[in-house]
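See below for the structure under consideration.
The values are calculated or read from the model by the stated rules, or taken from the named source; none is laboratory data. Remember, predicted model here, so these are calculated numbers, not experimental data. Cβ sites come from the backbone with ideal geometry, for glycine too, and all protein chains shown count toward neighbours. Only protein heavy atoms, including side chains, enter the accessible area calculation; ligands, DNA and RNA are left aside. Shrake-Rupley method; radii C 1.70, N 1.55, O 1.52, S 1.80 Å.
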Amino acid sequence: ILPSGIYMLTVETAFLQPAASGAVGVVLRFKTQEGNKDYRETIYITNKKGETFYTKDGQQHLLPGYLMMDTLCQMVTGKSLENQSTELRSIKVYDPELQKEVPAEREVLVDLQGGQVYAGIIKSIEDKSKKDAAGNYVPTGETREANSISKFFHSESKQTLAEAIAGT
């Protein structure tokens with residue numbers, strides 16, 4: 001767990017990971033410039049229907065995870081998420097049944113590899129949860145520390161994507 005702060009990250013790999021629910025996430029594996037530590041996070045780019053948007057008040061809005069991944073892609077490669085090149089590669093992924101990482105074929109976002117970006121990472125305390133008999137996640141009453149990326153910043157200008165587009 002990293003303390004809250006802004007970190008220079010190098011993308012080791014980014015690959016698509018389907019969830020049991022049907023949603024698709026991008027598993028990001030980074031190295032921090034400060035201390036060369038591993039940092040991993042999964043950002044979901046679709047819902048369980050495979051859609052990249054949600055509907056509110058009759059209007060469609062892109063999912064926050066999709067927007068975050070699109071920002072990362074544009075900052076590192078200059079191309080949007082939908083224009084990233086992918087290749088099927090063997091990647092070590094966690095197998096919950098075996099409780100260890102095993103090789104598996106995944107679509108890798110190859111253009112991101114080796115790219116650098118600053119990330120605002122937040123340390124928080126959150127409820128632990130587990131599946132109940134109906135398959136729903138419910139709080140256990142215990143807590144754990146967790147990290148999550150709040151925002152990406154360009155590696156050279158240190159601007160957010162919105163700032164870079166607006167020229168501010």
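Things to note:
- Here Glu107 meets each of (1) acidic (Asp, Glu); (2) open to solvent by less than 40 Å² (accessible area, probe 1.4 Å); (3) touching a Ser or Thr at 6+ places or on another chain (Cβ under 6 Å); (4) in contact (Cβ under 8 Å) with a residue 40 or more places away in the chain with one exception, condition (2).
- Just one residue in the set Val117, Val102 is among the β-branched types (Val, Ile, Thr) and more than 19 Å from the chain's Cα centre (by Cα); that residue is Val102.
- If you go through segment 52-69 and keep only what is free of Cβ contacts under 8 Å to residues at least 12 places away in the same chain and either surrounded by 20 or more Cβ atoms within 10 Å (Cβ to Cβ) or assigned to a loop (DSSP other than H, G, I, E, B) (or both), you end up with Asp57, Gly58.
- Test result for Glu41, charged (D, E, K, R), touching a residue at least 40 places away in the same chain (Cβ under 8 Å) and open to solvent by less than 50 Å² (accessible area, probe 1.4 Å): yes
- Candidates Lys100, Lys131, Lys123, filtered to the one that is open to solvent by 80 Å² or more (accessible area, probe 1.4 Å) and in contact (Cβ under 8 Å) with a residue 60 or more places away in the chain: Lys123
Rundown of residues vs (1) of a type in the set (Gly, Ala, Ser); (2) in a helix (DSSP H, G or I), yes/no style:
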{"position": "Val76", "(1), (2)": "no, yes"}
{"position": "Glu87", "(1), (2)": "no, no"}
{"position": "Lys92", "(1), (2)": "no, no"}
{"position": "Ala104", "(1), (2)": "yes, no"}
{"position": "Val108", "(1), (2)": "no, no"}
{"position": "Ala119", "(1), (2)": "yes, no"}
{"position": "Ser124", "(1), (2)": "yes, no"}
{"position": "Ser129", "(1), (2)": "yes, no"}
{"position": "Lys151", "(1), (2)": "no, no"}
